[in-house]
Amino acid sequence: MPLSKEERDALPPEHFAVPGKRKLPINDETHTTLAWDQVDRTQGLSDAERSEARARILRRAKELGIDTSDWDKSVHAAAMTLWGMSLNVPEVANHPNRMPFSGVLTFVNQPSDLPPGGSGGKRTYLPKDVAEKALESLLGMAVDFSNDLSAHNVSQKIGVITGAEIVGEEVRIEGFFYAADFPQECARIQDEKEDLGFSYEVRAQTRPMGDLLQIVSCVFTGAAVLYKDKAAYQSTSLAAQAEQDIEMTEEQLKALLAGALGPITEQITAVTTQVKALQASSEQALQANKETRDRVAPHATALRNCAAAMEASGIGLHSSQGHVKVLHHMAASMEADAAAGKVPHIFRDHDWGFSASAAPAPTPAPAPALDADNPVIKGITDTLAGLGTQLTDLKAAAFKGVQAPDRKTVPSEVLTLLAKGGIKVEDTKEGLTEGQIDTMLEAAGVTGISARIAAKQQIAQAGLLRK
């Protein structure tokens with residue numbers, strides 16, 4: 001029988017193969033034999049700790065008079081991780097012949113509570129690595145049902161397994177019962193599900209291990225719904241419920257979308273109107289100043305032509321104060337004044353001091369001054385200021401309450417799972433163990449197999465999985 005928490009806590013340090021970490025109990029023959037089988041599968045141990053653990057286990061076995069001649073001292077199983085898998089089944093809303101179920105089929109790394117059928121009266125022990133290798137064989141297998149819910153009845157198959165995964169020491173399955181074909185049986189399962197569990201069917205090769213039979217390889221061939229006290233593992237569970245889908249008419253969907261998008265649509269419409277007004281003001285300003293621009297344009301062109309001729313002759317080529325540079329500045333300044341509705345009369349870019357010994361540092365040309373009193377310019381300025389304020393308000397409303405992720409490499413979905421599991425990002429530098437991930441997903445309410453697989457893939461892609 002597995003040790004309870006109280007029994008394990010009461011053991012003295014010398015009754016553990018790794019006393020410093022209180023791992024691998026060796027308090028009796030059964031646990032000493034199990035410790036030898038589990039020493040290479042136990043996580044969180046260094047090579048030195050494993051070597052010392054094997055020596056302690058062998059010394060304890062000698063004290064208890066255990067025959068260790070058949071223990072393989074040279075070959076040890078490699079640790080494996082296989083989180084789960086599922087069989088894709090098309091979703092059919094309100095299917096009359098489908099009642100979903102999920103639950104714990106069996107446990108790994110624990111002796112069974114009762115001897116299962118065909119074990120010769122011995123309790124069994126299913127190692128996790130053996131279960132992982134056989135997990136895929138569960139997919140598509142049938143679930144059977146006996147009238148008294150106390151035994152297997154392979155001739156009465158009332159459901160099918162569509163998904164399986166190993167979470168901690170639990171082998172979990174999900175699938176559906178044929179509700180229309182077996183209405184009385186499914187109704188009984190609904191009524192008595194708190195007292196029901198699963199028992200697995202398997203073709204297995206075994207070897208003696210003290211008073212246990214250890215499964216060394218197996219293929220799952222199905223499962224049965226039983227009362228919990230009839231199953232080999234009396235802690236298995238079953239949850240079943242009628243499938244329900246939310247139905248919504250096209251009109252209801254449109255109304256829902258309209259209600260959600262209405263405020264955003266209004267804000268977008270208001271911004272669009274402002275942009276169109278700005279475009280109209282700009283066009284109006286261009287048209288209003290066309291006469292001035294046309295009057296100035298030939299003179300600006302003449303300045304540029306003069307600059308081009310001087311450049312061709314190699315005259316006035318200084319990079320900052322040369323005549324060519326100044327003429328181009330003058331032309332640009334005149335065009336800017338004309339665009340603002342002003343006739344140019346002065347150019348202030350020529351106020352330099354000259355030095356006979358060295359050219360002074362270049363002085364940047366000031367931006368052309370705009371006439372703040374011009375009604376067109378004032379209208380454009382006011383419109384731009386109003387648009388900036390509205391856009392700022394829209395951004396604040398859209399992102400209100402949203403916090404930037406603590407670490408760019410961690411997706412927001414994974415950060416949410418960490419928060420719900422009470423795990424800080426800074427505590428994940430060493431990576432998360434499989435047990436921590438399972439606990440976190442339970443706390444976050446992620447119970448479906450497909451959802452758990454997707455979540456674990458995100459966690460692994462984010463680099464949070466302990467190597």
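The values are calculated or read from the model by the stated rules, or taken from the named source; none is laboratory data. Predicted, not measured: the structure shown is a model, and the values here were computed from it. Counting neighbours? That spans all protein chains shown, and the Cβs are built from the backbone with ideal geometry, glycine included.
Of the residues in the stretch 310-321, at least one is surrounded by fewer than 12 Cβ atoms within 10 Å (Cβ to Cβ) and in contact (Cβ under 8 Å) with a residue 12 or more places away in the chain.
Residues in the stretch 38-69 that are touching a residue at least 60 places away in the same chain (Cβ under 8 Å) and touching a helix residue (DSSP H, G or I) at 6+ places or on another chain (Cβ under 6 Å): Ile66 alone. In the stretch 185-197, the count of residues that are in contact with a helix residue (DSSP H, G or I) (Cβ under 7 Å, 6 or more places away or on another chain) and either in a helix (DSSP H, G or I) or closer than 18 Å to Gln110 by Cβ (or both) is one or more. Applying the set (1) in a helix (DSSP H, G or I); (2) among the aliphatic types (A, V, I, L, M); (3) modelled with pLDDT of 80 or more to Leu213 leaves exactly one unmet item: (1). Put simply, of Arg22, Arg59, Arg50, Arg41 the only residue that is in contact with a strand residue (DSSP E or B) (Cβ under 7 Å, 6 or more places away or on another chain) and not assigned by TED's automatic domain parsing to the domain that holds Leu212 is Arg22. From the list Ala277, Ala288, Ala270, the lone residue that is over 40 Å from the mean Cα position of the chain (by Cα) and modelled with pLDDT of 75 or more is Ala277. Of all residues in the stretch 426-459, those that are over 26 Å from Gly175 (Cβ atoms), surrounded by 15 or more Cβ atoms within 10 Å (Cβ to Cβ) and not hydroxyl-bearing (Ser, Thr, Tyr) total 2. Taken as a whole, the structure places Asp70 among residues that are over 25 Å from Leu465 (Cα atoms), modelled with pLDDT under 80 and in contact with a Lys or Arg (Cβ under 9 Å, 6 or more places away or on another chain). Say whether the condition of being surrounded by fewer than 19 Cβ atoms within 10 Å (Cβ to Cβ) and more than 35 Å from the chain's Cα centre (by Cα) is met by at least one residue in the stretch 159-179. No, because not a single residue in the stretch 159-179 is surrounded by fewer than 19 Cβ atoms within 10 Å (Cβ to Cβ) and more than 35 Å from the chain's Cα centre (by Cα). Of all residues in the stretch 1-45, those being among the small types (Gly, Ala, Ser), surrounded by fewer than 19 Cβ atoms within 10 Å (Cβ to Cβ) and modelled with pLDDT of 90 or more number 2.
Conditions tested, residue by residue: (1) free of Cβ contacts under 8 Å to residues at least 24 places away in the same chain; (2) surrounded by 22 or more Cβ atoms within 10 Å (Cβ to Cβ).
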{"residue": "Leu126", "(1), (2)": "no, yes"}
{"residue": "Phe182", "(1), (2)": "no, no"}
{"residue": "Phe198", "(1), (2)": "no, yes"}
{"residue": "Gln205", "(1), (2)": "yes, no"}
{"residue": "Gln214", "(1), (2)": "no, no"}
{"residue": "Cys218", "(1), (2)": "no, no"}
{"residue": "Ala224", "(1), (2)": "no, yes"}
